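The structure appears right after this line, and notes come after that.
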Amino acid sequence: MATLEKHHGSYRAKIRTSINGKRCNICVIPLKTIYKSEAQVRLTTINRSEKNIIKGVIKKHQFNNYFPWLNNEGKSEI
């Protein structure tokens, strides 16, 4: 499950997994908000896609198209 953390005044989601018993970061996704309630809604969206991110189905370069708050149009294209 992705975790929510505050970093320099705004929130971000961190996806972690364990490989050979060691915890390691898969990726950090900026949530681009200073409001915790809005960040939690966006975190729910990330949690729905977490398995595909860990498996590599959704790659880091696709995040801007996949998560609407990361692109200018505010739409998910995938």
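The values are calculated or read from the model by the stated rules, or taken from the named source; none is laboratory data. Only a predicted model underlies this, so the values are computations on that prediction, with no experimental measurement involved. Quick reminder, even Gly has a Cβ in these numbers, built from the backbone with ideal geometry, and neighbours come from all protein chains shown. For accessibility, only protein heavy atoms count, side chains too; no ligands or nucleic acids. Shrake-Rupley method; radii C 1.70, N 1.55, O 1.52, S 1.80 Å.
The table below lists the values:
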read-out	value
Accessible area per residue in Å² at 1.4 Å probe, computed on the chain	69
Over the chain, relative contact order from alpha-carbon pairs under 8 Å, at least 6 apart, %	23
Leading residue at positive end of dipole, the chain (Cβ point charges), from Ser10, Cys24, Ile54	Cys24
Ranked order, His61, His8 - accessible area, probe 1.4 Å, largest first	His8, His61
Within the accessible area of the chain (1.4 Å probe), percent carbon and sulfur	49
Calculated on alpha-carbon atoms, Rg and Dmax of the chain in Å	12.5, 40
The chain, dipole about Cα centre (Lys/Arg Cβ +1, Asp/Glu Cβ -1), debye to the nearest 20	320
Mean residue ellipticity (222 nm) of the chain, computed from DSSP H runs ≥ 4 via -39,500 (n - 2.57), nearest 500	-9500 deg cm²/dmol
Solvent-accessible surface ranking, highest first, for Tyr66, Tyr35, Tyr11 at 1.4 angstrom	Tyr35, Tyr66, Tyr11
Exceeding the 22 Å Cα-Cα cut-off - candidates Lys14/Lys36; Lys6/Lys32; Lys32/Lys55	Lys32/Lys55
Rounded accessible area of Val41 (nearest 10 Å², 1.4 Å probe)	100
